[in-house]
Amino acid sequence: MYIYIDNKTKDVIEINQFHDKDTNVLKTNKVYIGKIDKHNTFCPNEFYDNKSNKAEINLKLSEALEDLLSPNNKTILEDKPVIGLAALVNQEPKDTAFKNFSRHFCNDAFILKIINSGAVPMMIPYIREENDKLIPQFVNSIDGLMLPGGADIDPTVYGEEKVKECGKTDITLDLFHIKLIKECIKQRKPILGICRGFQLINVALGGTLYQDISYFKKDINHMDLKNYEGCTHDIEISENTILKSIVNTNTLGVNSLHHQIVKDIAPTLKQSAKSPEGIIEGLESKDSDTFIVGVQWHPETMVSNKEIMDKIFKAFATRCSL
């Protein structure tokens, strides 16, 4: 018998090996007996309280804790949170001999922001519907999910027919990302959505979009593609929101690279920011204990207000480490 402590979950497992009398095969029996808390103290469960060989277990547990707290394992105790970055997909890559195989990718700016915020990026590839059973394991292996900018969301997902102003869409990717979002909520993992990701959170939770900003009165150029490092317009930050607690300002200059916007807000979300003409620029969970935050702009590329933009990623990484 020996004791194993899971470095990530801090679960304490009693492991016993024995020979099966019928098959004479060596088998392993694993029993959860408790957890190590943040003070590195063993918290037993009811099964442990009923064990007769507590003295032997305590000795093995003491040895396991000594190994866990040794200088050689210091890096294990200081594990950084893992942030899953939902990959985008190029279904028809032209610059390759393997044209029948799609490519999964994400912009380098997101990867750098995750690393600089003190977390570890891990790209989550798109998988086909027949492999959906892998989604819970994807989410279980990360501490939070980031949804980046990208193509338009297929309007059939929120019950509308596509209009001519809607851009190219990929409904299979949309549905996969929505399943990731819902699994993260189920497992209570923090979520940060940017541009398309912001819109996708709203759609996943029952909201809708304007397929093109022309269906909403506007006075600002929201497709300011050449000015992605600077400020296109100001936004007003709502009081009593997670976003306000992060940026600590009432107004903020942001860039703008989108032509679809939020129409109906999902029932479990609330507005956290808006543009001068009333376009929704930020959404988050109504439940303040749940970190679901979405922003319409691209904080990952901004040089203007960089220090404030970096706070968004650092706050997300901090929440993922809890």
Practice task
Pick out which of I33, I265, I142 has the largest mean-square fluctuation in a Gaussian network model of the chain, springs linking Cα atoms closer than 10 Å.
Solution key: I33
Problem - Helical mean residue ellipticity (222 nm; -39500 (n - 2.57) per DSSP H run of 4+; nearest 500) of the chain - result: -7500 deg cm²/dmol
Handout entry: Approximate spin-label separation L59-L175, in nm, with each point projected 7 Å along Cα-to-Cβ
Key = 5.8
Handout entry: Cα centre as origin, Lys/Arg/Asp/Glu Cβ charges: region 166-290 dipole, Debye
Key = 400
Completion exercise
For the chain, averaging the sequence separation of alpha carbon pairs under 8 Å that lie six or more residues apart and dividing by its residue count, the contact order in percent is 14
Handout entry: Greater than 25 Å apart at Cα, pairs in K186/K274; K10/K306; K8/K30; K35/K182
Key = K186/K274; K10/K306; K35/K182
Problem - Label-to-label distance, nm, for residues given as E239 and F98 (7 Å Cα→Cβ offset) - result: 5.6
Exercise for the section: Have a look at the DSSP beta bridges in the chain and tell me what percent are antiparallel, nearest 5. Expected result: 70
Practice task
Kindly give the semi-axes, whole Å and largest first, of the ellipsoid equivalent to region 103-223, taking each as the square root of 5 times a Cα gyration tensor eigenvalue.
Solution key: 26, 18, 13
Fill in the blank from the handout: Length gained if T9 through S52 is fully extended, taking 0.36 nm per residue and subtracting the Cα-Cα distance, is 12.9 nm
Exercise for the section: Mind giving me the nanometre distance, one decimal, between the label points for S321 and K286, set 7 Å out from Cα along Cα→Cβ? Expected result: 3.3
Handout entry: Straight-distance crosslink candidates among aspartates and glutamates, where the alpha carbon sits under 19 Å from K54 and sequence neighbours closer than 8 are dropped
Key = D11, E14, E46, E63, E66
Exercise for the section: List the trypsin sites (Lys or Arg not before Pro) within region 158-203 that fall in a DSSP loop (any state other than H, G, I, E or B) and whose Cβ has at most 16 other Cβ atoms within 10 Å. Expected result: K162, K164, K168, R188
Completion exercise
Over all pairs of different Cα atoms in the chain, the reciprocal of the mean inverse distance gives a Kirkwood radius in Å of 22.1
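With the other protein chains left in place, how much accessible area per residue, in square angstrom, belongs to the chain at a 1.4 angstrom probe?
53
Quantify how much of the Cα-Cα distance distribution of region 223-300 extends past 13 Å, in percent. List each step's numbers first, then the result.
Details: 1952 of 3003 pairs.
So the portion of pairs separated by more than 13 Å is 65 percent.
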Handout entry: Where Rh is the Kirkwood radius over Cα pairs, Rg/Rh for region 207-257
Key = 1.03
Practice task
Could you pull out the longest piece of the chain with no exposed loop GluC sites (Glu not before Pro) in it, calling a site exposed if DSSP puts it outside H, G, I, E, B and it has at most 16 other Cβ atoms within 10 Å?
Solution key: 79-159
Exercise for the section: Tally up the carbon and sulfur contribution to the accessible surface of region 188-322 as a whole percent, 1.4 Å probe, everything protein left in place. Expected result: 48
Practice task
Give the calculated FRET efficiency between L134 and S304 to the nearest 0.05, with a Förster radius of 30 Å applied to their Cβ-Cβ distance.
Solution key: 0.15
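The values are calculated or read from the model by the stated rules, or taken from the named source; none is laboratory data. Keep in mind it's a predicted model, so treat the numbers as computed, not measured. Note that we place each Cβ from the backbone using ideal geometry, even for glycine, and neighbour counts take in every protein chain shown. Accessible surface areas use protein heavy atoms only, side chains included; no ligands, DNA or RNA. Shrake-Rupley method; radii C 1.70, N 1.55, O 1.52, S 1.80 Å.
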